[in-house]
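Q: Dumping the structure here so I can ask a few things about it.
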Amino acid sequence: MTALRTATGLDEIKALAGTDLGRTDWQEITQERVNTFADATGDHQWIHTDPDRAATGPFGGTIAHGYLTLSLIIPLFNELLAIEGTSMSINYGLDKVRFPHPVRVGAKIRLHGAVDAVEEVRGNGAEMRITFAVEIEGADKPACVAQAIYRHYA
């Protein structure tokens, strides 16, 4: 999928401060994806991987791992913003990560992003802070809210 917006070079990245990046398309969370994540991380807790047992559990069915939901920010972010004209971009870290609402298997999620700030960093770079919310179709609370920090270098 093509990104909604493209920033080319550090000047255009800096100009994004205060910009709402919009929302991605909806994406369904499948049991297969949850199981694959469980295999990759070794987290096979029944609330994620046992649909029969989870049906009688606190969520009425299996739910995605919180860290699966968090990890989907990266590919979904590529739908919102493409960065070009830099020599390197790195994921510098995360702040204030929360999981306010579980994602039931079969639910649809999308990403909303807003650029909070962009500051110059040593080495001819720019540090971008973006607040992300992983929204769940029909839910009143997001699945995940996190502030991501990316660094881009000329």
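Q: Select, from ARG53, ARG122, ARG129, the only residue that is open to solvent by 60 Å² or more (accessible area, probe 1.4 Å) and within 24 Å of THR24 (Cα to Cα).
A: Values: ARG53 fails: within 24 Å of THR24 (Cα to Cα); ARG122 fails: within 24 Å of THR24 (Cα to Cα).
After ruling out the rest, the residue left standing is ARG129.
Q: Would a scan of the stretch 1-13 turn up a residue that is over 20 Å from VAL134 (Cα atoms) and assigned to a loop (DSSP other than H, G, I, E, B)? Write out each step before concluding.
A: From the stretch 1-13, those over 20 Å from VAL134 (Cα atoms) are 6-13; that's our starting set.
Right, trim to assigned to a loop (DSSP other than H, G, I, E, B) and you get none.
Within the stretch 1-13 (the criterion being over 20 Å from VAL134 (Cα atoms) and assigned to a loop (DSSP other than H, G, I, E, B)), the answer is no, since none of the residues qualifies.
Q: So, one more: So GLU84 ticks every box in (1) open to solvent by 60 Å² or more (accessible area, probe 1.4 Å); (2) without any contact (Cβ under 8 Å) to a residue 60 or more places away in the chain but one. Which box is left unticked?
A: (2)
Q: Test of understanding: among ILE109, ILE74, which residue is touching a strand residue (DSSP E or B) at 6+ places or on another chain (Cβ under 9 Å), modelled with pLDDT under 95 and among the β-branched types (Val, Ile, Thr)?
A: Working: ILE109 fails: modelled with pLDDT under 95.
Of ILE109, ILE74, the one residue that is touching a strand residue (DSSP E or B) at 6+ places or on another chain (Cβ under 9 Å), modelled with pLDDT under 95 and among the β-branched types (Val, Ile, Thr) is ILE74.
Q: Moving on to the next point. Applying the selection to the stretch 123-148, what residues are of a type outside the set (D, E, K, R) and more than 16 Å from ARG98 (Cβ to Cβ)?
A: So the first thing to find is which residues in the stretch 123-148 are of a type outside the set (D, E, K, R), and the list is 123-126, 128, 130-134, 136, 138-139, 142-148.
Within the stretch 123-148, GLY123, ASN124, GLY125, ALA126, MET128, GLY138 qualify.
Q: Taking THR19 as meeting all but one of (1) β-branched (Val, Ile, Thr); (2) open to solvent by 40 Å² or more (accessible area, probe 1.4 Å); (3) over 17 Å from PHE99 (Cβ atoms), write down the number of the exception.
A: (2)
Q: Can you tell which of ARG98, ARG110 is surrounded by 16 or more Cβ atoms within 10 Å (Cβ to Cβ), in contact (Cβ under 8 Å) with a residue 40 or more places away in the chain and of a type in the set (Lys, Arg)?
A: On the way: ARG98 fails: surrounded by 16 or more Cβ atoms within 10 Å (Cβ to Cβ).
Only one candidate passes the filter, namely ARG110.
The values are calculated or read from the model by the stated rules, or taken from the named source; none is laboratory data. Source: prediction; values computed, not measured. Positions of Cβ are generated from backbone atoms using ideal geometry, with glycine treated the same way; all protein chains shown enter the neighbour counts. These accessible areas exclude ligands, DNA and RNA; they are computed on the full protein's heavy atoms, side chains included. Shrake-Rupley method; radii C 1.70, N 1.55, O 1.52, S 1.80 Å.
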